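Q: I'd like to ask some things about the structure below.
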Amino acid sequence: MFHEQIIKMNSLTEYTIIQEATRHFNALTGANTKFSPAASEETDGTLQVLLGKEKHTFFVEVKNELRETNLQPVIKHIGKDKEQWLIACRYIPQPVKNQLKSLGLNYMESAGNCFIRAGSLFLFINDQAVTPARQTATGKLWGQSGLKFLFVIISEPALLNGPYRTIAKKAGIALGNIGTLLDELREAGFAKEHEPGHFLLDHKEKLVDRWAEMYHLRLRPKLARGRFRFLKNQVENWQGIEGDFYWGGEPAGAIYTSFLKPETFTVYTTGKAPDLMKTLAAVPAGDGNIEWMEQFWSDTLKTADAGKGHVVPPLLAYAELAADLDSRNLEVATRIKENYLL
């Protein structure tokens, strides 16, 4: 039963993170800690901290890394009950630590560094050497190929039971990866056998949020191709532009919700720079507000965007907007998530 509870966390790697963090924390502070895996999806578990006469129990949010790109969703999830939560990570960059501390958000790092304030308990450790360890899970699920695989599975859930060749083609990855990735998805608790041999996605919201977080860490940096600016006043007429590309980011948010006026323009395409510049009537500019990204999925992917024109699938639109600290974009991301992904 205990093993099954651990599996309900995003991965066994996350359980390893909390074990490592508490072991170093206890050695540095003399505290006693007890972690209990979650019984629901609202939290990854609870951590009881006993130090002298102080005894506190925290809800725990476990992350491999915490960066600015995935900080806002965590803050939103924790809400106003800051003293009741603790963020446990393998690695937190110093600027993010400073931001957490300024917001009064408790955190604990694998090396034992921490900021914890609850009642009369106050602990701040920041001198333990940390190697920015990346998530090295035993498999490939959260690597680049795995993220492409998950993208098409979440976008078109029927593929979970489809031919391996079809999945590979739509995801743009090697056919030999599919069996292993499907096994890892099931082992991680994100695919549940509904009938013999027929699987459905499980814990979908957590899977969507995890994908959005890891997309920015693992995949998106590899897709950036350049920046442009419009030659003409295309900002007001952007929706009338037709071409071999998909709108992402803020334009995608505007298309899906009609609740956003884009200021920056993200485009995904498999095309070349000259063709894109001609289509957009744009020129290269390092500080331009048009971001050119490589399209990584097949045009044959069927998603919830039917009738929405040339726009990226909802999962990608959500991931880009959810990482923005702009409250306007976060609200649009939430609408996309609720209306198209859950």
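The values are calculated or read from the model by the stated rules, or taken from the named source; none is laboratory data. Only a predicted model underlies this, so the values are computations on that prediction, with no experimental measurement involved. Don't worry about glycine lacking a Cβ; one is built from the backbone with ideal geometry, like all the others, and counts go over all protein chains shown.
Q: Here are Phe59, Phe151: which of them is outside the structural domain of Glu320 (by TED's automatic domain parsing), under 16 Å from Trp211 (Cα atoms) and not aliphatic (A, V, I, L, M)? Outline the logic, then answer.
A: Details: Phe59 fails: under 16 Å from Trp211 (Cα atoms).
Exactly one of Phe59, Phe151 is outside the structural domain of Glu320 (by TED's automatic domain parsing), under 16 Å from Trp211 (Cα atoms) and not aliphatic (A, V, I, L, M), namely Phe151.
Q: Here is a follow-up. Give the stretch 82-117 a look and list any residue that's modelled with pLDDT of 90 or more, surrounded by 15 or more Cβ atoms within 10 Å (Cβ to Cβ) and either at positive phi or of a type in the set (A, V, I, L, M) (or both), or say none.
A: Within the stretch 82-117, Leu86, Ile87, Ala88, Leu100, Leu105, Met108, Ile116 qualify.
Q: Continuing with this model, one more query. Being aliphatic (A, V, I, L, M) and modelled with pLDDT of 90 or more is the filter; apply it to the stretch 242-277 and report the residue that is surrounded by the fewest Cβ atoms within 10 Å (Cβ to Cβ).
A: Filtering the stretch 242-277 down to residues aliphatic (A, V, I, L, M) leaves 252, 254-255, 260, 267, 273, 276-277.
Right, trim to modelled with pLDDT of 90 or more and you get 252, 254-255, 267, 273, 276-277.
Working: Ala252: 31, Ala254: 19, Ile255: 19, Val267: 27, Ala273: 14, Leu276: 20, Met277: 17.
Ranking the qualifying residues of the stretch 242-277, first place goes to Ala273.
Q: For the stretch 229-255, name all the residues that are in contact with a Pro (Cβ under 9 Å, 6 or more places away or on another chain) and either charged (D, E, K, R) or outside the structural domain of Glu331 (by TED's automatic domain parsing) (or both).
A: Kept after step one, since they are in contact with a Pro (Cβ under 9 Å, 6 or more places away or on another chain), are these residues of the stretch 229-255: 229, 235, 238-239, 246-247, 249-254.
Passing the criteria: Arg229, Glu250.
Q: Give the number of residues within the stretch 259-299 that are part of a helix (DSSP H, G or I) and among the aliphatic types (A, V, I, L, M). It would help to see each step written out before you state the result.
A: Initial filter on the stretch 259-299 (part of a helix (DSSP H, G or I)): 273-280.
Those still in the list that are among the aliphatic types (A, V, I, L, M) too: 273, 276-277, 280.
Residues meeting the conditions: 4.
Q: Filtering the stretch 211-238 down to residues that are out of contact with any strand residue (DSSP E or B) (no Cβ under 7 Å at 6 or more places or on another chain), surrounded by fewer than 16 Cβ atoms within 10 Å (Cβ to Cβ) and not charged (D, E, K, R), which residue is nearest to Ala319 (Cα to Cα)?
A: Narrowing the stretch 211-238 to residues out of contact with any strand residue (DSSP E or B) (no Cβ under 7 Å at 6 or more places or on another chain): 211-216, 218-222, 232-237.
Imposing the further condition that a residue be surrounded by fewer than 16 Cβ atoms within 10 Å (Cβ to Cβ) reduces the set to 221-222, 232-233, 235-237.
The next check asks that each one be not charged (D, E, K, R); those that pass are 221, 233, 235, 237.
Details: Pro221: 14, Asn233: 28, Val235: 23, Asn237: 25 Å.
The selected residue is Pro221.
Q: Quick check: anything in the stretch 191-210 surrounded by 16 or more Cβ atoms within 10 Å (Cβ to Cβ), in contact with a strand residue (DSSP E or B) (Cβ under 7 Å, 6 or more places away or on another chain) and charged (D, E, K, R)?
A: Checked against the condition, which is being surrounded by 16 or more Cβ atoms within 10 Å (Cβ to Cβ), in contact with a strand residue (DSSP E or B) (Cβ under 7 Å, 6 or more places away or on another chain) and charged (D, E, K, R), the stretch 191-210 yields at least one hit.
Q: So for the stretch 68-76 (the condition being among the hydroxyl-bearing types (Ser, Thr, Tyr) and under 17 Å from Thr22 (Cβ atoms)), does at least one residue qualify?
A: Of the residues in the stretch 68-76, the ones among the hydroxyl-bearing types (Ser, Thr, Tyr) are 69.
The next check asks that each one be under 17 Å from Thr22 (Cβ atoms); those that pass are none.
Among the residues of the stretch 68-76, not one is among the hydroxyl-bearing types (Ser, Thr, Tyr) and under 17 Å from Thr22 (Cβ atoms), which makes the answer no.
Q: Okay, next question. Applying the selection to the stretch 265-277, what residues are in contact (Cβ under 8 Å) with a residue 12 or more places away in the chain and more than 20 Å from Phe296 (Cβ to Cβ)? Give the steps one after another, and end with the answer.
A: Pass one, the stretch 265-277, residues in contact (Cβ under 8 Å) with a residue 12 or more places away in the chain: 265-271, 273, 275-277.
The answer is Met277, and nothing else.
Q: Here's a follow-up. Within the stretch 32-48, restricting attention to residues that are among the hydrophobic types (A, V, I, L, M, F, W, C) and either in a strand (DSSP E or B) or at pLDDT 90 or above (or both), which residue is surrounded by the fewest Cβ atoms within 10 Å (Cβ to Cβ)?
A: Restricting attention to the stretch 32-48, the residues satisfying the condition of being among the hydrophobic types (A, V, I, L, M, F, W, C) are 35, 38-39, 47.
From what is left, the residues that are either in a strand (DSSP E or B) or at pLDDT 90 or above (or both) are 35, 47.
On the way: Phe35: 18, Leu47: 24.
If we take residues in the stretch 32-48 being among the hydrophobic types (A, V, I, L, M, F, W, C) and either in a strand (DSSP E or B) or at pLDDT 90 or above (or both), then Phe35 is surrounded by the fewest Cβ atoms within 10 Å (Cβ to Cβ).
Q: A further question follows. Name the residues in the stretch 278-290 that are surrounded by fewer than 19 Cβ atoms within 10 Å (Cβ to Cβ) and in contact (Cβ under 8 Å) with a residue 12 or more places away in the chain, would you? First the steps, then the outcome.
A: Taking the stretch 278-290 as the starting set, the residues that turn out to be surrounded by fewer than 19 Cβ atoms within 10 Å (Cβ to Cβ) are 278-279, 281, 283-289.
Within the stretch 278-290, Thr279, Ala281, Val283, Pro284, Ala285, Gly286, Asp287, Gly288, Asn289 qualify.
Q: Scan (1) assigned to a loop (DSSP other than H, G, I, E, B); (2) in contact (Cβ under 8 Å) with a residue 40 or more places away in the chain; (3) in contact with a strand residue (DSSP E or B) (Cβ under 9 Å, 6 or more places away or on another chain) for the single condition Glu242 breaks and write down its number.
A: Single failed check for Glu242: (3).
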